[in-house]
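Reading through the structure tokens given below for one structure.
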Amino acid sequence: MLGNWKRLDTWFSTWNKNNPTDIYGPVIVMGTLGGALIAAIALVSLGQPFKTDSMQTGPRGTGMSVPEFVSDLAEPDPGIAAYAAIDTDGDAVAAMRAWTGIPTLFEDEEDYQTIVAHRMIEMTQNINENWDAHVNANGEVGVTCFTCHRGQAVPSGVWYNITPVNQSMAGWSSTQNMATSQSQYTSLPSDALQSYLADYEPIGVHDLDSRVPGVPGQDVAAIQNAERTYSLMNYFANSLGVNCVFCHNSRAFYDAAQVTPQWATASLGIAMVQELNLDYLIPLEEVLPPERLGPVHADAPKLACMTCHKGYQQPLQGTNVIADWPDLATIGASVVD
């Protein structure tokens, strides 16, 4: 009997050797199919995590849309919850202290923070009354101290003049721009905010025709003007979480007659920011202490799109922050007794 088992074992071993079978291939195939089935079930039950939604900004077929992850669209600006959590019982002073994160605000009329706060109240009233077409373009929203400050003494998104930034570069520093936060970490010029939002330089790129008569940089836009404009446009896009075709027509970026309605709102925003910087913020250089001034030119902090929008098309995603504070919407109204 033992001999028969040995002969059977020998035969089986010989047969396996002469007739090899691939057992790994089917296992891999079945495992792959099983994994795909599990992934499909998860996508159906939990939802597609990388699904996008597009906001059409122009005619279909032109690529004029602003895509965004649905998961991001579903997440509200955390500032909305922070704003709703502030309970001041209608006390304007208490509200401003909470909004700016300065608990002693208005206690000492000689303190620079109180002086600045009064100036900021005037600025807020000006925004709400005179720049209504920009602030309330899609319905009553308004601005308050919280729109920018979000509980911080110095709002995020303020900027200072940091030029020149190429002095320490090796070689021809004038032919290459250093990447900075103001250039959106690209090698575009870092002086776009200073040039366009504080110095009132005209925003524009090169002429559509080649070899236009004139002197580049004087009566003809130079390549530096184009680069500086692109730097500003990058800043706009990141500040609002959009792309170029949110305002411009993809078939004719240069033509102001073919832009989207958002272009007009953005243009008003540029003019508003220029006025606010010139009339309200730049003069604060004489009031602020050294630690509140810029690191290069000791200039006052200035605002721009990011200061209010913080990555959203509308600050606080269009939350109406002015409804309970009508005094902040009227120039000259007494807010602090």
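Quick one: how many residues across segment 59-95 are touching a residue at least 60 places away in the same chain (Cβ under 8 Å), under 30 Å from His118 (Cβ atoms) and not hydroxyl-bearing (Ser, Thr, Tyr)? Don't jump to the end; show me each part of the working.
Restricting attention to segment 59-95, the residues satisfying the condition of being touching a residue at least 60 places away in the same chain (Cβ under 8 Å) are 62-66, 68, 76-77, 79-80, 82-83, 86, 90, 92-93, 95.
Those left that are additionally under 30 Å from His118 (Cβ atoms): 77, 79-80, 82-83, 86, 90, 92-93, 95.
Restricting the remaining residues to those that are not hydroxyl-bearing (Ser, Thr, Tyr) gives 77, 79-80, 82, 86, 90, 92-93, 95.
Looking only at that region, the number is 9.
Restricting attention to segment 177-225, which residues are of a type in the set (A, V, I, L, M, F, W, C) and over 21 Å from Gly269 (Cβ atoms)?
Matches in segment 177-225: Met178, Ala179, Leu208, Val212, Val215, Val220, Ala221, Ala222, Ile223.
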Original post:
Which pairs have Cβ atoms under 7 Å, sit 6 or more apart or on different chains, and link a residue in segment 22-51 that is in a loop (DSSP other than H, G, I, E, B) to one that is surrounded by 10 or more Cβ atoms within 10 Å (Cβ to Cβ) and hydroxyl-bearing (Ser, Thr, Tyr)?
Top reply: Pro49/Ser71
Original post:
If you go through segment 300-315 one residue at a time, do you hit one that is of a type outside the set (Asp, Glu), surrounded by fewer than 17 Cβ atoms within 10 Å (Cβ to Cβ) and either free of Cβ contacts under 8 Å to residues at least 40 places away in the same chain or in contact with a strand residue (DSSP E or B) (Cβ under 6 Å, 6 or more places away or on another chain) (or both)?
Top reply: no
**OP:** Any chance you could count how many residues in segment 191-250 are outside any helix (DSSP H, G or I), touching an Asp or Glu at 6+ places or on another chain (Cβ under 8 Å) and touching a residue at least 24 places away in the same chain (Cβ under 8 Å)?
**Re:** 2
Original post:
Of the residues that make up segment 250-259, is at least one of a type in the set (Ser, Thr, Tyr), under 22 Å from Cys308 (Cα atoms) and out of contact with any His (no Cβ under 8 Å at 6 or more places or on another chain)?
Top reply: no
Subject >> Among residues of segment 137-161, those that are under 29 Å from Arg228 (Cα atoms), surrounded by fewer than 20 Cβ atoms within 10 Å (Cβ to Cβ) and not hydroxyl-bearing (Ser, Thr, Tyr), counted >> reply: 4
Original post:
How many residues are over 30 Å from Phe253 (Cα atoms) and either among the basic types (Lys, Arg) or exposed (fewer than 13 other Cβ atoms within 10 Å of the Cβ) (or both) if we restrict to segment 62-85?
Top reply: 7
Subject >> Residue that is nearest to the chain's Cα centre (by Cα) [pool: residues in segment 238-264 that are of a type in the set (A, V, I, L, M) and closer than 17 Å to Ser54 by Cβ] >> reply: Leu240
Original post:
Taking Val287, is it surrounded by 16 or more Cβ atoms within 10 Å (Cβ to Cβ) and among the hydrophobic types (A, V, I, L, M, F, W, C)?
Top reply: no
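Values quoted throughout were computed directly from the atomic coordinates according to the rules given, and no laboratory measurement underlies them. Note that this is a predicted model, so its numbers are computed, not measured. Backbone-built Cβ (ideal geometry, glycine too); neighbour counts: all protein chains shown.
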